[in-house]
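Okay, so here's the structure we're looking at.
The values are calculated or read from the model by the stated rules, or taken from the named source; none is laboratory data. Keep in mind the model is a prediction, meaning the values are calculated, not measured. Because the Cβ atoms are built from the backbone with ideal geometry, glycine has one as well, and the counts that use them run over all protein chains shown. Side chains are part of the model used for accessible areas, which takes the heavy atoms of the whole protein and leaves out ligands, DNA and RNA. Shrake-Rupley method; radii C 1.70, N 1.55, O 1.52, S 1.80 Å.
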Amino acid sequence: MCAKKVTIREVAKRAGVSIATVSQILNGKAMKFDPLTVQKVQAARDELGYEADHLARQMVGKQSKTIGILVPEITNSFFSTLVKGIEEELLHSDYISMLCNGGFNGAKEEKALLELAQRGVDGFIIASPSISDEVLKEILQIKKRPVIVLDQKTTVERSDEVATDDFNGGLLAAQYLKKMGHTKVAVVVPDLATVNIMHRLQGFLVEFPQALQLKTELSKNGGQAVVAELLDQKIEAVFALSDELAFGIYLGMRQNDKSVPDDLSVIGYDDVEMCRYVTPALTTVAQPIYELGKQAADLMVKRLADPTSPYVKRILPVELAIRGSVKVKI
């Protein structure tokens, strides 16, 4: 015989509070109540073994407790770390995520977002540059779902945003190369550079306005493809605007029987885990990737709890992680 399902009324009775209080505390609005009240409700829930009926809650409260996440390439270490941060923070507030990998395919990503909206996700965290402003406006204004925009996408009206200080990141890279005595430098730029990547370039050009700019696809293959020109131009040091590009440059140098940093100094951007494992370890501009994800999730939970609050833009700091890929020019 099946055990009787514990109701929210029983939790309220055990905690000595109203049903409305229990409902709000268990649905992500605990910050509105005294910590002692929250503790009593959570203790009653655990003692009675109460489990929320998510389907009923969605039908009554119009919430699914799920968040749609869109990234362009989950195999990229940056995005996998980002998603880990998002998911951990969401779980703290009893939300789960539904992840879509867009593959830099605008049509695929737009379809995924609209399908997720049809399936009732409460909001979206978007870290892809391919989504059009028209689709974002449809989600915000027609589907009426909140959106958190990460630094892969320009901000849109009526959305919160989390980004890192990319301009300063580019400046830090340039200042370090100048400090190490390099003068003939290049910067590797993706063909379809996003706003945040352009900010990195702008920061770098403050110190090296005449730097050689090489455009390529944003991938290891793209980094590998520019090595021949770097060698032909006798470039001393290169700033790759992502670690993926830098890893490709490493491979291209080996294929040309050249080494980093003896024949070419390299600085990357992001500080993904692999930077510590390549040889030499990659000097790079370190973004707080995991924290970026957590901050995005935190903003989403707060937006769902208080939809009318002012929109927020958070800018996280970056720093230079100095390792072994830049030599002192004698």
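Calculate, in nm to one decimal, what Lys179 and Gln118 gain on full extension: separation in residues at 0.36 nm each, minus their alpha carbon distance. Intermediate results must be reported in sequence, preceding the final value.
Working: separation 61, 0.36 × 61 = 21.96 nm, distance 5.39 nm.
So the extension gain works out to 16.6 nm.
For the chain, excluding the exposed loop sites themselves (chymotrypsin sites (Phe, Trp or Tyr not before Pro), DSSP loop, at most 16 other Cβ atoms within 10 Å), the longest remaining stretch covers 105-276. Extending 7 Å from Cα along the Cβ direction at Thr75 and again at Val206 yields two label points whose distance is 3.7 nm. All other residues whose Cβ lies under 13 angstrom from that of Gln175 are scored, Lys and Arg at +1 and Asp and Glu at -1, for a net of 0.
Enumerate the helices in the chain for which the Kyte-Doolittle hydropathy averages 1.6 or more and the C-alpha atoms extend at least 15 Å along the helix's axis, using complete DSSP H runs.
Values: long enough: 35-48 (20 Å, -0.36); 77-92 (23 Å, 0.34); 106-118 (18 Å, -0.42); 166-179 (20 Å, -0.19); 195-207 (20 Å, 0.51); 243-255 (18 Å, 0.12); 289-305 (25 Å, 0.17).
Sorted by number, there is nothing, because no helix extends far enough and scores high enough.
Per residue, how much accessible area does the stretch 245-330 have with a 1.4 Å probe, in Å²? Intermediate values should be presented prior to the final figure.
Values: 4050 Å² over 86 residues.
In whole numbers, the stretch 245-330 has 47 Å² accessible per residue.
Computed over the chain with a Gaussian network model linking Cα atoms closer than 10 Å, the most mobile of Lys294, Lys258, Lys13 is Lys13.
Note down, for the stretch 159-255, the three equivalent ellipsoid semi-axes (square root of 5 times each alpha carbon gyration tensor eigenvalue), biggest first, whole angstrom.
Numbers: eigenvalues 93, 60, 21 Å².
So the three semi-axes of the stretch 159-255 are 22, 17, 10 Å.
Remark: spin-label model distance Lys258-Asp94 equals 5.8 nm, labels positioned 7 Å along the Cα→Cβ axis.
Note the full-extension length gain between Leu316 and Glu134 as 0.36 nm times their separation in residues minus their Cα-Cα distance, in nm to one decimal. Don't jump to the answer; show the numbers that get you there.
On the way: separation 182, 0.36 × 182 = 65.52 nm, distance 2.76 nm.
Gain on stretching Leu316 to Glu134: 62.8 nm.
In the elastic network of the chain, a GNM with C-alpha springs shorter than 10 Å, the most mobile of Pro307, Pro288, Pro190 is Pro307.
How fast does the chain diffuse by Stokes-Einstein, in µm²/s, taking the Kirkwood radius from C-alpha pairs at 4 °C and 1.567 mPa s? Please report the intermediate quantities before stating the final value.
Values: Rh = 21.9 Å.
Rounded to a whole number, D works out at 59 µm²/s.
For Lys32 and Glu229, a Förster radius of 35 Å and the Cβ-Cβ distance give a FRET efficiency of 0.05, rounded to the nearest 0.05.
Counting other Cβ atoms within 10 Å of each Cβ, which trypsin sites (Lys or Arg not before Pro) in the stretch 205-243 have at most 16 and sit in a DSSP loop?
Numbers: sites: Lys215, Lys220, Lys234; in loops: Lys234.
Passing both the DSSP loop test and the Cβ count: Lys234.
Taking only DSSP H segments of four or more residues, each worth -39500 (n - 2.57), what value at 222 nm results for the chain once the sum is divided by all its residues, to the nearest 500 deg cm²/dmol?
Details: 13 runs with 140 residues, N = 330.
Computed mean residue ellipticity for the chain: -13000 deg cm²/dmol.
With a 1.4 Å probe and all protein chains left in place, how much of the accessible area of the chain comes from carbon and sulfur atoms, in whole percent?
Details: 8520 of 16150 Å².
Its accessible area is 53 percent carbon and sulfur atoms.
Which percent, to the nearest 5, of DSSP beta bridges fully inside the chain are antiparallel? Around 10 percent antiparallel, to the nearest 5. Among Ile86, Ile315, Ile125, the residue with the largest mean-square fluctuation in a Gaussian network model of the chain, with springs joining Cα atoms closer than 10 Å, is Ile315.
Let me check against my output: what whole-number percent is the relative contact order of the chain, with C-alpha pairs under 8 Å and at least 6 apart?
Details: 616 pairs, mean separation 56.7, N = 330.
In percent, rounded to a whole number, it is 17.
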